[in-house]
């Protein structure tokens, strides 16, 4: 079934203002936006009755394993902050760039309810960002997002839409990043949720999921940023209706600020320090003192 493109409500002459990525903001502004967004995420989970829990250093997928463990102990809803590590990240700490991931789990949750949690979280965060932090252009873009319904597509419907756009995809294939960008454009550059896209189980074969589980997944695709939130509901015999949500904070900040690159959201004073040290002439006291440290 082909999904009709929602009306954007925009004059075509002004629609370009919602498409062009913005430029990186100064470090102080990025820090203020980061802190506001993190505070709002915390407030959202608190208001929704989620218990925050610390994550200890386990070998693989520590947050997911521990969240599942807390649900098994009888907690209804839990969440935590973890870290997105690139392949080999623990062995090569110089490549870690400080991307946070927020993860949450809740018992007795349907896929549609999980998708609603994603939408509510995005709106809750964006509603607290004003022109003092983002600037008028991005506030106007986010105001449109807050006022509009976000398209929700079944995976099969997303494939049907993509075939009309020239994509040759077959059932069971994952959606390429460029295909997801095509969906965003088709849906008026609004956030899009894709339900029941096939994906491997993150913990399949581990103690947390020793046997293959029947899962239903949802991806939240945001303009500029791509997949920013993912979720799944497990419906096997032992984990009926257990929902899990993950949020990539860097991608969320990229979307909220309208940036072309996720690295433009980073708050890393070491980059500036390295630049300053590179500009210091050899033999000065500053460079000598740094070398002694």
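When 220, 50 are ordered from fewest to most other Cβ atoms inside 10 Å of their Cβ, what list results?
Numbers: 220 26, 50 20.
Sorted ascending by nearby Cβ count, the order is 50, 220.
The slack in the chain from residue 131 to residue 146, taken as 0.36 nm per residue of separation less the alpha-carbon distance, amounts to 3.9 nm. A Förster radius of 35 Å combined with the Cβ-Cβ distance from residue 267 to residue 51 puts the calculated FRET efficiency at roughly 0.80.
Annotation: extensible slack from residue 176 through residue 112 equals 20.7 nm (criterion: 0.36 nm per residue apart, minus Cα-Cα distance). Potential lengthening of the chain between residue 120 and residue 27 amounts to 30.6 nm, from the contour at 0.36 nm per residue minus the alpha-carbon distance.
No lab work stands behind these numbers, since they all come straight from the coordinates. None of these values were measured; they are calculated from a predicted model. So basically every Cβ, Gly included, is an ideal-geometry build from the backbone, and we count neighbours across all protein chains shown.
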